[in-house]
Amino acid sequence: MKIWRISIRPTSLQLTPWQADTLFGTLCWAFRFRHGENELKNFLEPFLKGEPPFLISDGIPTGYFPAPLFVQLLRTRDCADVEGYRRQKQLKRVSFLPETEFTKACRGESIQVEEEGMNLIRPASQLHASINRLTGTTSSAMEDSGGNLFELHGWGTGHENQEISLYLADRTGDQVGVIFDLLRDIEATGFGKKKSSGMGAFKIQGEPETWEPPSLNGKANGFVSLSGFVPARNNPTNGFWQIQVKHGKLGEAYATGGFPFKYPWIVLQPGSCFYIEEAPGEIYGRMLCDISPEYPEVVQYAYAFPIPVIFPGEIIEKAS
């Protein structure tokens, strides 16, 4: 299985997080616009059977990776004074590790955590003028509704020109071209909420490039996920994770009629890691069905993007 990295650069306010399930749904709409609904059903079939031809990660700041959650336990074991405790407590907020430190963490080695991993994604907002629904323009300051402003809340990167990396695990060897073409279609329209108003704009930076996960010399005994996911019934349960309750909304044509909201579901966030006593497999997680009360055909991508790790001995006791 070959892993590819595709880099993008946000060029406007982003209102929608680049999460794997949202990205997968957007790719499906792009596929449907290109090939039609019948071909989309064929595209989804292996995912529903538990044999996805590819896996995708969340959007991750380029040069960094989600910190495996067991790292927090390693970093708090040697606090000797109040100042050390305060620093370790602050560093628990670090969501991302530089690639070099991520590699060390995957190998079960001691790492150095820096505060720069705390502010790679930051809240952002943008002011807009209200539009008069009768005239289709902004209202004069002399009118009753004139001069009204509203604020859009979203996010941006913490550093200027910071890129976002998307990782694609091509399990069949013929998917990277297909997905890259679909991503170019999305580039032309924008990603997520209010893309018709210029939000969610981005530029693809070059061609896909291969990426190799850390080499562990066959000693892996667990995995860390680069995407949010929902475990399948037979997936491992010993590990460390954080959960998020998601309240999804349907996209494109399904967002404008009927009931556009999905049932809520619980997802394990990126950085969640599991101990399995052996080399991890390629597939964890699943697709969610019956997620929409209005459209029974809607499904939700909820596969993990597993990267092998070595759980240190002291952590294995806590994970079991």
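The values are calculated or read from the model by the stated rules, or taken from the named source; none is laboratory data. Just so it is clear, the structure is predicted and the values come from calculations on it, not from any experiment. Cβ sites come from the backbone with ideal geometry, for glycine too, and all protein chains shown count toward neighbours. Quick note on the areas: whole protein, heavy atoms, side chains included, nothing else; ligands and nucleic acids left out. Shrake-Rupley method; radii C 1.70, N 1.55, O 1.52, S 1.80 Å.
Just need a number here: residues in segment 282-320 that are farther than 27 Å from E51 by Cβ and not acidic (D, E). Number satisfying all stated conditions: 10.
Every condition in (1) open to solvent by 70 Å² or more (accessible area, probe 1.4 Å); (2) under 17 Å from the mean Cα position of the chain (by Cα); (3) at pLDDT 90 or above; (4) not hydrophobic (A, V, I, L, M, F, W, C) is met by T237 except one, and the failing one is (2). Among the numbered conditions (1) closer than 18 Å to N221 by Cα; (2) touching a Cys at 6+ places or on another chain (Cβ under 8 Å); (3) among the hydrophobic types (A, V, I, L, M, F, W, C), the only one that V299 does not meet is (1). Within segment 206-219, the set of residues being of a type outside the set (D, E, K, R) and either at pLDDT 95 or above or farther than 21 Å from S12 by Cα (or both) comprises P208, T210, W211, P213, P214, S215, L216, N217, G218. When the residues of segment 285-301 are filtered to those that are surrounded by fewer than 24 Cβ atoms within 10 Å (Cβ to Cβ) and in contact (Cβ under 8 Å) with a residue 60 or more places away in the chain, the one that is farthest from P260 (Cα to Cα) is R286.
The residue list V267, V245 contains one member that is free of Cβ contacts under 8 Å to residues at least 24 places away in the same chain and in contact with a strand residue (DSSP E or B) (Cβ under 9 Å, 6 or more places away or on another chain), which is V245. Of all the strands (runs of 3 or more DSSP E) wholly in segment 227-320, which have at least 2 residues that are touching a Lys or Arg at 6+ places or on another chain (Cβ under 7 Å) and of a type in the set (A, V, I, L, M, F, W, C)? Where strands (runs of 3 or more DSSP E) fall fully within segment 227-320 and carry at least 2 residues being touching a Lys or Arg at 6+ places or on another chain (Cβ under 7 Å) and of a type in the set (A, V, I, L, M, F, W, C), they are 265-268.
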